[in-house]
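The values are calculated or read from the model by the stated rules, or taken from the named source; none is laboratory data. Since this is a predicted model, take the numbers as computed values, not measurements. Quick reminder, even Gly has a Cβ in these numbers, built from the backbone with ideal geometry, and neighbours come from all protein chains shown.
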Amino acid sequence: MKGERKNLAILGSTGSIGTQTLDVVRAHPERYSVYALCANRSIDKLVEQALEFRPEVVCIADESLYDALKTKLSSLNCKIWAGADAIAEVVTMPSIDVVVASMVGYAGLRPTIEAIKAGKTIALANKETLVVAGEIICDLALLHHASILPVDSEHSAIFQCLVGEELNEVEKILLTASGGPFRTFTLEQMQSVTAADALRHPNWHMGDKITIDSASMMNKGFEVIEAKWLFGVPVEKVQVLVHPQSIVHSAVQFTDGAIKAQLGAPDMRLPIQYALSFSERLTSDFPRADLFSLGSLTFEEPDLQRFPNLGLAYEAVRRGGNIPCVLNAANEVVNLAFRQGRCGFLQMSDIIAGTMSKAEFVAKPTYDDYVATDIAARRIAEQMVNSK
Ligand code: MG
């Protein structure tokens, strides 16, 4: 109900989206209270957050850190849990209204499924969940009347453009991309870029995994798939535009030719807050985009030659079944290998493509098929990394 205080469970609370969600909570303490904080293994940051927000439950995925967490939070009267099973249980607790799903990668799938089954509202930042198992997620959300609200800035923009247009057909989704740090690089230059180069994103400060995905444009490929599931449009209707200023966060073209876009400063707190407050807009003092000082906004077509990941994402959806899950698993392997210096920047796409052609195809995967596919695809991709 309008104006009611909501209890949040934040999965991945110490990451980039998690900490910015807590900024939103700090700005609106009358609207949001933190019921549960879950982190992977950043124990010191988690302890600091728990001492400030005093949640009912604190959970750490890495079970080896349980004793240390318990000791550090002994002054707090809260439940302390550890492990993936615990996180999957936390999200179902009756007092929780909204689950902010901002874990990194495949690990976000299971708790998101459990939260949907418990009928929670999901503020979804973990796009891998929809890439891997979009069909299962959407079916479950319908069945359990769970709303999924996008946190990803592009999808928040599309969602905002669609408010009030429920009866109108979408002709095209115009999904914007910054183009990342290598937008103007030649293939030859891209051959020798390092993880440190890739981690210097021009417009957004994000976690390491997604920053590498942005540099390789796999992030945009994932977002095409995410848009398909969130808005029920075929990927052929999703067009990617490179827009280096990151001011137009995305747009929707309707069948009368009208294009609606959402603009704003590149600041994730805005889409996070909108997902939490929908359908209200809360007043904020986040920085405003100053169109006068920007002067011009530019748009260009993505170059699939230099950024084949985008094409691989479309191909994964066209083949369907478990192939998007293979795409994600192979990408998680090469993304980490690239950060560790075990794989070159351009090799990442080759290995993903190779894994997609080698993995066993399952046309109608169940949840267990996804789990098996993820393991098998990681093994194939890992072998290819090691044999390079
Ligand atoms: Mg995005």
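Below are the figures for this structure:
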{"quantity": "Residue among 366, 373 that is of a type in the set (S, T, N, Q) and crowded, with 18+ Cβ neighbours inside 10 Å", "calculated": "373"}
{"quantity": "Qualifying residue in segment 107-115 (condition: more than 15 Å from the ligand (Cβ to nearest atom), surrounded by fewer than 24 Cβ atoms within 10 Å (Cβ to Cβ), modelled with pLDDT under 95 and farther than 17 Å from residue 229 by Cα)", "calculated": "yes"}
{"quantity": "Within segment 368-388, tally of residues that are modelled with pLDDT of 95 or more and touching a helix residue (DSSP H, G or I) at 6+ places or on another chain (Cβ under 7 Å)", "calculated": "10"}
{"quantity": "Top-ranked residue in segment 153-177 [being assigned to a helix (DSSP H, G or I) and over 23 Å from residue 206 (Cα atoms); ranked as nearest to the ligand (Cβ to nearest atom)]", "calculated": "161"}
{"quantity": "Those residues of segment 168-196 which are aliphatic (A, V, I, L, M) and either touching a residue at least 24 places away in the same chain (Cβ under 8 Å) or closer than 19 Å to residue 305 by Cα (or both), in sequence order", "calculated": "170, 173, 174, 175, 177, 187, 190, 193, 195"}
{"quantity": "Residue under evaluation residue 289, criteria (1) closer than 28 Å to residue 159 by Cα; (2) more than 24 Å from the chain's Cα centre (by Cα); (3) surrounded by 15 or more Cβ atoms within 10 Å (Cβ to Cβ), criterion not met", "calculated": "(2)"}
{"quantity": "Filtered residue count, segment 124-152, keeping only those that are over 22 Å from residue 332 (Cβ atoms) and within 11 Å of the ligand (Cβ to nearest atom)", "calculated": "0"}
